[in-house]
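**Q** Structure in structure tokens, see below.
The values are calculated or read from the model by the stated rules, or taken from the named source; none is laboratory data. The model shown is predicted, which means the values in this text are computed figures rather than measured ones. A quick note on method: Cβ atoms are made from the backbone with ideal geometry, for glycine too, and the neighbour counts reach across all protein chains shown.
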Amino acid sequence: MSGGELPPTGEPAIRVVAMPADTNAYGDIFGGWLLGLMDQAAGVVAARYSRGRAVTIAVDGMTFHRPVKIGEVVSVYADMIHVGRTSMKIEVAAWRRIRNGEETDKVTHAVFTFVAIGDDGRPRVIEQDLSNTPKGV
């Protein structure tokens, strides 16, 4: 590990291989592609925790530390850090690994804010029955 920071110990919410179609003219993966993966990972956690539809309303503090290259494995970890009445804050970090190696580096991180919504598209209260919280959230 060259970055000095240890990767999360749990399972990632999403893991994918960076492909040529996801790059800019220099062979680096587009930041928007990575942002989309992170939004999907946070969405998985938000929907599972709120037991229904949840939408992204903000992304705070996105910082890119290293580029991602074609063929590298990107693992995105998402952890719930705050639950309000209708909203959730989820910390998301993306890590890269050379496809045939073990060394990992943190690529970027951010905090995503989601709001649980009902069928009518309006915010709904998140039921916080902690005895029934899914594992891994």
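**Q** Filter the range 59-89 for residues that are more than 16 Å from the chain's Cα centre (by Cα) and over 14 Å from LYS106 (Cβ atoms) and give the result. Outline the logic, then answer.
**A** Of the residues in the range 59-89, the ones more than 16 Å from the chain's Cα centre (by Cα) are 66-67, 69-72, 83-87.
Selection gives LYS69, ILE70, GLY71, VAL83, GLY84, ARG85, THR86, SER87.
**Q** How many residues does the range 73-92 contain that are closer than 19 Å to ASP22 by Cβ and surrounded by 20 or more Cβ atoms within 10 Å (Cβ to Cβ)?
**A** Keep residues of the range 73-92 that are closer than 19 Å to ASP22 by Cβ, which gives 73-76, 92.
Now restrict to residues that are surrounded by 20 or more Cβ atoms within 10 Å (Cβ to Cβ): 74-76, 92.
Residues that pass the stated criteria total 4.
**Q** Of all residues being β-branched (Val, Ile, Thr) and at pLDDT below 95 in the range 54-71, which is surrounded by the most Cβ atoms within 10 Å (Cβ to Cβ)? Just the residue, please.
**A** Quick first cut of the range 54-71, residues β-branched (Val, Ile, Thr) only: 55-57, 59, 63, 68, 70.
Right, trim to at pLDDT below 95 and you get 63, 68, 70.
On the way: THR63: 9, VAL68: 24, ILE70: 15.
In this case the residue turns out to be VAL68.
**Q** May I pose another question? Being buried (at least 17 other Cβ atoms within 10 Å of the Cβ), touching a Lys or Arg at 6+ places or on another chain (Cβ under 7 Å) and under 24 Å from GLN128 (Cβ atoms) narrows it down to one residue among THR113, THR104; which is it?
**A** Being buried (at least 17 other Cβ atoms within 10 Å of the Cβ), touching a Lys or Arg at 6+ places or on another chain (Cβ under 7 Å) and under 24 Å from GLN128 (Cβ atoms) holds for just one of THR113, THR104, which is THR113.
**Q** Still on this structure: Looking only at strands (runs of 3 or more DSSP E) that fall completely inside the range 28-137, which ones have 2 or more residues that are free of Cβ contacts under 8 Å to residues at least 40 places away in the same chain? Outline the logic, then answer.
**A** Numbers: elements: 54-64, 73-83, 87-97, 104-116.
Counting at least 2 such residues, we get 73-83, 87-97.
**Q** Let me ask you something else. Given the criteria touching a Gly at 6+ places or on another chain (Cβ under 7 Å), at positive phi and modelled with pLDDT under 95, does GLY136 qualify?
**A** Working: touching a Gly at 6+ places or on another chain (Cβ under 7 Å): yes; at positive phi: yes; modelled with pLDDT under 95: yes.
Yes: the conditions hold for GLY136.
**Q** Given (1) under 15 Å from SER75 (Cα atoms); (2) exposed (fewer than 15 other Cβ atoms within 10 Å of the Cβ), where does GLY32 come up short, assuming only one miss?
**A** (1)
**Q** I would also like to ask the following. Take the residues of the range 29-58 that are under 9 Å from the mean Cα position of the chain (by Cα) and not aliphatic (A, V, I, L, M): which is farthest from PHE114 (Cα to Cα)?
**A** GLY36
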